[in-house]
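Novice: Structure provided below as C-alpha cells; questions to follow.
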Amino acid sequence: MDSYFYFDFIYVMVQIKLEIHMDEIFTKKVRAAAVAGWWTVLIAYCILLMQWFAYLLIIPRQPAAMLCFWGQGVTWPEIRTVWLWAMVAYKLGVAMMIFVVIWLTLWARKLAKIQS
C-alpha cells in the first residue's frame with residue numbers, strides 16, 4: 001500500500017511539473033508572438049511612411065509615366081482618390097493589427113505575472 005501511495009505521489013508531482021513547464025513554454029510563445037507583432041507593426045509603419053513619401057513626390061509632379069502605368073483613360077484625380085483610399089484601407093489594417101498586438105502584450109504580461 002505504501003509503494004502505491006509513493007508512486008501515486010510521484011505521478012502527481014510529475015504532472016504538476018509538466019503543467020508548470022507547459023505554462024512556461026506557452027508564456028514564452030505568447031511573448032514571442034507579441035514581440036513579432038510589434039516588429040510587424042514597425043515594418044508596416046515604415047511601408048506606410050515610404051508610401052506617403054512616394055505620394056508626396058509623385059502627385060505634385062504628375063509624371064506621364066504614371067498615367068501609362070495605370071492605363072488609358074485614367075485621370076490624376078482618379079489616381080489621387082484611389083491612392084488615398086488604399087492608404088486608408090492599409091491604415092485600418094495596421095490599426096486592427098495594433099489592437100491584436102496590444103492584446104497579446106497584455107496577455108503575455110498577465111501570464112508572466114501569474115507564474116511569478
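Novice: Quick check on the exposure proxy: order VAL41, VAL88, VAL35 from fewest to most C-beta atoms within 10 angstrom.
Specialist: Working: VAL41 17, VAL88 10, VAL35 14.
Neighbour counts put them in this order, fewest first: VAL88, VAL35, VAL41.
Novice: Further question: Which of LEU104, LEU57, LEU67 comes first, and how do the rest follow, when ranked by fewest Cβ neighbours within 10 Å? Walk me through the intermediate numbers first.
Specialist: Numbers: LEU104 19, LEU57 10, LEU67 15.
Starting with the residue having the fewest Cβ neighbours, the order is LEU57, LEU67, LEU104.
Novice: Additional query: If R₀ is 30 angstrom, what is the calculated FRET efficiency for the pair LYS110 and LEU49, using the beta carbon separation as r and rounding to 0.05? Don't skip to the answer; put the middle values down first.
Specialist: Working: r = 32 Å, r/R0 = 1.08.
Result of the calculation: an efficiency of 0.40.
Novice: Need the C-alpha centroid separation for segment 71-109 versus segment 38-62, integer Å.
Specialist: 11 Å
Novice: To continue, here is another question. Suppose each label sits 7 Å from its Cα in the direction of the beta carbon; what would the ARG61-ALA95 distance come out to in nanometres?
Specialist: Taking the two extended label points, one gets 3.2 nm.
Novice: Which order results if ARG31, ARG61, ARG80 are arranged by neighbouring Cβ count within 10 Å, fewest first? Let's see the in-between values first.
Specialist: On the way: ARG31 17, ARG61 8, ARG80 14.
In order of increasing Cβ crowding within 10 Å: ARG61, ARG80, ARG31.
Novice: Additional query: Translational D (Stokes-Einstein, µm²/s) of segment 41-111 at 4 °C and 1.567 mPa s when Rh comes from the Kirkwood sum over C-alpha pairs? Please list the in-between numbers first.
Specialist: Numbers: Rh = 14.3 Å.
Here the translational diffusion coefficient equals 91 µm²/s.
Novice: Could you run the Karplus curve 6.51 cos²θ - 1.76 cosθ + 1.60 with θ = phi - 60° over segment 66-83 and give me ³J(HN,Hα) per residue in whole Hz, x for Gly and Pro?
Specialist: Each residue's phi maps through the Karplus curve to give 5, 5, 5, 5, 7, x, 6, x, 8, 9, 5, x, 5, 4, 4, 5, 5, 4 Hz.
Novice: Could I ask something else about it? Label VAL88 and TRP70 with points 7 Å out from Cα along Cα→Cβ: what is the distance between them in nm?
Specialist: Those two pseudo-labels are separated by 1.6 nm.
Novice: Read phi for every residue in segment 37-47 and hand back ³J(HN,Hα) as whole Hz from Karplus 6.51 cos²θ - 1.76 cosθ + 1.60, θ = phi - 60°, with x for Gly and Pro.
Specialist: In residue order, the calculated couplings are x, 5, 5, 5, 5, 4, 5, 4, 5, 5, 4 Hz.
Since every read-out is calculated from the coordinates, none of them should be taken as a lab result. Just so we're clear, the structure is a prediction, and the values are computed from it rather than from any experiment. A quick note on method: Cβ atoms are made from the backbone with ideal geometry, for glycine too, and the neighbour counts reach across all protein chains shown.
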